[in-house]
Structures are given as structure tokens and as C-alpha cells.
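To keep things clear, I will list the structure first and then write my remarks on it.
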Amino acid sequence: MQLKEVAVLITGGGSGLGAATARAMADKGANIAVLDQSKENAEKVAAEVKGIALHADVTDEEQVKAGIAKAESAHGIARVLMNCAGIGGSQRIVGRDGVYPLAKFARIINVNLIGTFNCLRLFAERLVTAEPIGEERGVIINTASVAAYEGQIGQIAYSASKGGIVGLTLPAARDLASQKIRVNTIAPGIFYTPLLMGLNEEARKSLGAQVPHPARLGEPPEYAALAVHIVENAMLNGETIRLDGAIRMAPR
């Protein structure tokens, strides 16, 4: 599927990987809807890419439905969904502060995994009513992490949430194959995103040095470039693609 004049919905599009993808797809001529829990961030990126801003929580069914409807009224039925919304969080199961709070674990699972599925299912529900463009109706791209495979100490909730996204990718692709909708996932390594912006330069260089090649942090436009390729390559389906410079995370 070519992106020119195609409607794209990007969750978590107000910053980081989502914002970079909004820019890359807008450069290809796509009509972008930026959905983010931060109204300010959504509006800022939407203005930059001449798209529309949607203020919504990915875990809220009615807010996501309303966002999809608003995007459709502006651009027509969205053909591409980029699931980039997510949160982090680190804590040992039992540590100095006691046992891992169940509510904290549930919150990370709810945003990262259930939020991804909520947007996927509601997007697909609307897309199946559209006529195909050539051999497909549309494309869904989720965001996992290498933590799905090599979760580090303290990453149990984050790793579980991202592992769930990896696990749903192939069944989702199989479920939606008869509807001519492809589903893929990108699993980034250590990327320069808002989750790492709190670190100082020395800490960021230390993280980047762990990457075999290139020995640096990934840049959001590199994630965006892969997302664009997935949309344009019709044979990519049911895959989780690691984008990590060959890193395999150590325990800490």
C-alpha cells in the first residue's frame, strides 16, 4: 500500500517514535491523525504535519471510538494504524520498598498491551467495512520492544506487556487475513525517546555503547523508516521485526 493520500492513525503520536512516524508518513503524502493522551503534544505534532489532533486514552473504548470517528470525518476511513502509545516502569518483584504493587503492574499491562489491542480491534472493526485498495484494505503496526525477549531486572511488567504484543501479532494477522488487513510489530532496541530523555549524556553514551553496531542509541526516524517500509511491502505480515543493532540485553 502506498501512503500518498492515505489516512493514517498514530497512537502515542505526540512524541518519540509516534511523532517521528507521523513526520515520515506525512512526507509520503499521508493524511495524519495524531492520537495522544497529551492534548498539547498531539496538537503540536498535528500542526507540524498538517494533520488533526485527537485527545484520547488508548485504554478507553469510547474515547478511542470517538477519535477514530473524528479522524474519519477529516480524512476518510483510516487505512493504517500505528500503535505507538506506551509507558515504562521499573521495579523488582521484591525489593527495598517491599513487594511490587499489583496496581502498578496492571497499569503497565493495561496501557501497553490492552491499549494496543483496544485500538487494533476498533480500528479493524471500522476498516473491514471499506473497499480494498488493490489487494489489501489496510495495515496495522504495533510497537513491542526487545524487552519482550530479554527483559532486564526490574522490567517484569514492561517485558510482560511487550511480550504480549509479540504474542498477539501472528494470531491477529491470521484473524484479519480474510479481511485483507496485515498486522506486524516492530520491536525496537535502545532508542532515543522520552523514556530515555531523563538520562544524562554520559548515561546515554553508556547505553549506546552496548549496541554491537552501530554502537549508539537508535533514532526515532529509523523506526519511522521501517514503519513506512512495512506499509509499502505487501508480503510483510504476521512478523515481529527487531530493530536493535544486534543488541541482546544483559540482566541489568
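The values are calculated or read from the model by the stated rules, or taken from the named source; none is laboratory data. Just so you know, these numbers come straight off a predicted model, no measurement behind them. Neighbour counts run over all protein chains shown; Cβ positions are idealised from the backbone, glycine included.
Observations on the structure shown:
- Residues considered: 172, 209, 157, 215. Of these, the only one that is over 18 Å from the mean Cα position of the chain (by Cα) and in contact (Cβ under 8 Å) with a residue 12 or more places away in the chain is 215.
- Residue 62 closer than 22 Å to residue 135 by Cα and at pLDDT 95 or above: no
- Selection of segment 214-233 for residues being of a type in the set (Gly, Ala, Ser) and in contact with a strand residue (DSSP E or B) (Cβ under 6 Å, 6 or more places away or on another chain) yields 218, 227.
- Contact map, segment 103-129: residues that are of a type in the set (S, T, N, Q) paired with residues that are outside any helix (DSSP H, G or I), Cβ distance under 7 Å, separation 6+ or inter-chain. Pairs shown: 110/59; 112/86; 112/87; 116/83; 116/142; 118/58; 118/59.
- Members of segment 106-128 that are within 13 Å of the chain's Cα centre (by Cα) and among the aromatic types (Phe, Trp, Tyr): 117
- Cβ separations smaller than 6 Å between residues 6+ apart or across chains give the following pairs from segment 24-43 residues that are surrounded by fewer than 24 Cβ atoms within 10 Å (Cβ to Cβ) to residues that are among the hydroxyl-bearing types (Ser, Thr, Tyr): 41/15.
- Pairs, first without any contact (Cβ under 8 Å) to a residue 60 or more places away in the chain in segment 231-245, second of a type in the set (Ser, Thr, Tyr), C-beta under 9 Å, six or more apart: 241/185; 243/223
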